[in-house]
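Trainee: There's a structure below that I have some questions on.
The values are calculated or read from the model by the stated rules, or taken from the named source; none is laboratory data. Just so you know, these numbers come straight off a predicted model, no measurement behind them. Glycine also receives a Cβ, built like all others from the backbone with ideal geometry; neighbour counts cover every protein chain displayed.
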Amino acid sequence: MHDILPAEIPYWHFLESVLRETMAAYCYEEIRTPLVEKTDLFERAIGNATDVVEKEMYSFEDRGGDHLSLRPEGTASVVRAALEHGLLYAGPLRLWYGGAMFRRERPQRGRTRQFHQVGVEAFGAAGPDIDAEVIALAESLWRKLGLRGLRLEINSLGTAGERAAFRDALRAYLESRKSRLDEDSLRRLERNPLRILDSKNPDVQAALDGAPALPDFLGDESRQRFSGLQELLDAVGVEYRLNPRLVRGLDYYSHAVFEWISDDLGAQGTICAGGRYDGLVEMQGGKPWPAVGFAMGLERIVELLRHGEAVESPPPHAYVVMAGEGSQARGLALAERLREQIPDLRLQCNVASGSFKAQFKRADKSGALAALVIGEDEAARGEVTVKPLREDAPQQTVSESELPDRLRKLIGFRAGA
């Protein structure tokens, strides 16, 4: 777990503002769920045989004997909330969420034990049109963020029956090649052989050469559905690559799955992953209901943003320099009035005293456009000296009542804006 320091915060603010704008553009509504849920919610949704539940969840028993966990992902909580509050079954529902998630996994570049995730969940639409929409939404986000070089890979998992037939064929193929599998793959062979396809071990990937391919197990309906998604992506101009080894290890996934991958983050290059999960609502106790969504890790996206153009916090518009008897009280009171009179004004007041020379050094270092100087004489007369710091212009002394208009003109505000 790590701290996000002030120098990093501008990247987060930029990312969060673009996320909100993009979600609003596509008419997705925000939902916020608790950090802590009952452990069995994730055991049902994610599965006891997964690494997340077996090894990575932060789980505990509270004083009342309830078994609780810090949320390791967001989809299960969103489905739980949608069912609990009667949000489903009235037609298409578009939601998005964001917040901290927790997994006790090996920290690595762009991956920490407390991490931040944003996700999209769309319910109530069974066709590939909504799949195409959520994919287009993410592509729009990458463009607005200025991220380049991301690769979209897509695949179809077909129906549960088609996937089960593929799983059996894959297991049989790998059983004869056990000697070439690593410890993780051997453990997955019985419980979840599809996860072996995700292995980053070159020896395991070599063992998979010649393995059965999932597309060969799809029926006509699944093939047509996947072709329909590709046609829609082509129509909206989204580029993609077919990856027959792209899978999900959870049984509630079906049909389309997709991932965006960056080559700038090392082996763990996936920054956003999603798919259709028509089985999850029923698994959580509801009636069968179609759903599709994705989740993205914000730490990884911030790291990509930091590879590009620097994003910094905006400097103050003005810096208030105060020295002499009565100046501090006068200056602080004036600053409060100015912030009320000029919306969005960024005004920094000098603290920890200091000579005029020291304060002007601080003002210059702050990046402010101007210094607002209040000495003993100014305080006594109710005046302020405005000294431009970023242009070669003379300083002027104005009354406090004239200052708002003078300040608006100096920093480019329209009067009354």
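Trainee: Looking at 233, 246, 265, which one is in the same structural domain as residue 294 (by TED's automatic domain parsing), touching a residue at least 60 places away in the same chain (Cβ under 8 Å) and more than 23 Å from residue 129 (Cα to Cα)?
Mentor: Result: 265 is the single residue among 233, 246, 265 that is in the same structural domain as residue 294 (by TED's automatic domain parsing), touching a residue at least 60 places away in the same chain (Cβ under 8 Å) and more than 23 Å from residue 129 (Cα to Cα).
Trainee: Testing residue 137 on (1) among the aliphatic types (A, V, I, L, M); (2) more than 19 Å from the chain's Cα centre (by Cα); (3) part of a helix (DSSP H, G or I), one condition comes back false. Which one is that?
Mentor: (2)
Trainee: Run residue 286 past the list (1) touching a residue at least 40 places away in the same chain (Cβ under 8 Å); (2) in the same structural domain as residue 378 (by TED's automatic domain parsing) and report the number of the one that doesn't hold.
Mentor: (2)
Trainee: Just for helices (runs of 4 or more DSSP H) wholly inside segment 154-222: which have at least 1 residues that are in contact with a Lys or Arg (Cβ under 8 Å, 6 or more places away or on another chain) and not assigned by TED's automatic domain parsing to the domain that holds residue 240?
Mentor: In segment 154-222, 183-191, 202-207 are the helices (runs of 4 or more DSSP H) which contain 1 or more residues that are in contact with a Lys or Arg (Cβ under 8 Å, 6 or more places away or on another chain) and not assigned by TED's automatic domain parsing to the domain that holds residue 240.
Trainee: Any residue at all in segment 330-340 that's modelled with pLDDT under 90 and surrounded by fewer than 13 Cβ atoms within 10 Å (Cβ to Cβ)?
Mentor: Looking for residues that are modelled with pLDDT under 90 and surrounded by fewer than 13 Cβ atoms within 10 Å (Cβ to Cβ), one finds none in segment 330-340, hence no.
Trainee: With the structure loaded, tell me whether residue 381 is in contact with a Pro (Cβ under 9 Å, 6 or more places away or on another chain) and of a type outside the set (Gly, Ala, Ser) or whether it fails that test.
Mentor: So residue 381 does not fit the description; no.
Trainee: Might you check whether a residue that is in contact with a His (Cβ under 9 Å, 6 or more places away or on another chain) and either of a type in the set (A, V, I, L, M) or closer than 30 Å to residue 385 by Cβ (or both) occurs anywhere in segment 253-270?
Mentor: no
Trainee: When only residues in segment 236-260 that are at pLDDT below 95 and under 15 Å from residue 151 (Cβ atoms) count, which is surrounded by the most Cβ atoms within 10 Å (Cβ to Cβ)?
Mentor: 246
Trainee: Identify all residues within segment 25-46 that are surrounded by fewer than 16 Cβ atoms within 10 Å (Cβ to Cβ), in contact (Cβ under 8 Å) with a residue 40 or more places away in the chain and in contact with a Leu (Cβ under 9 Å, 6 or more places away or on another chain); write none if there are none.
Mentor: 25, 29, 30, 35
Trainee: Here's something else I'd like to know. Here is a check on your reading of the model: is residue 99 over 25 Å from the mean Cα position of the chain (by Cα) and either part of a loop (DSSP other than H, G, I, E, B) or surrounded by fewer than 20 Cβ atoms within 10 Å (Cβ to Cβ) (or both)?
Mentor: It is false that residue 99 is over 25 Å from the mean Cα position of the chain (by Cα) and either part of a loop (DSSP other than H, G, I, E, B) or surrounded by fewer than 20 Cβ atoms within 10 Å (Cβ to Cβ) (or both).
Trainee: For segment 21-46, which positions are modelled with pLDDT under 95 and of a type in the set (A, V, I, L, M)?
Mentor: 41, 45, 46
Trainee: Within segment 1-91, which helices (runs of 4 or more DSSP H) (wholly inside it) include 2 or more residues that are assigned by TED's automatic domain parsing to the domain that holds residue 107 and under 18 Å from the mean Cα position of the chain (by Cα)?
Mentor: 9-25, 75-84
Trainee: Considering only helices (runs of 4 or more DSSP H) fully contained in segment 356-417, which possess at least 3 residues that are aliphatic (A, V, I, L, M) and surrounded by 13 or more Cβ atoms within 10 Å (Cβ to Cβ)?
Mentor: Once the helices (runs of 4 or more DSSP H) in segment 356-417 are filtered for at least 3 residues that are aliphatic (A, V, I, L, M) and surrounded by 13 or more Cβ atoms within 10 Å (Cβ to Cβ), what remains is 403-411.
Trainee: Now for a different question. Can you name the strands (runs of 3 or more DSSP E) wholly within segment 229-326 that have at least 2 residues being of a type in the set (Phe, Trp, Tyr)?
Mentor: Per the criteria, 254-261.
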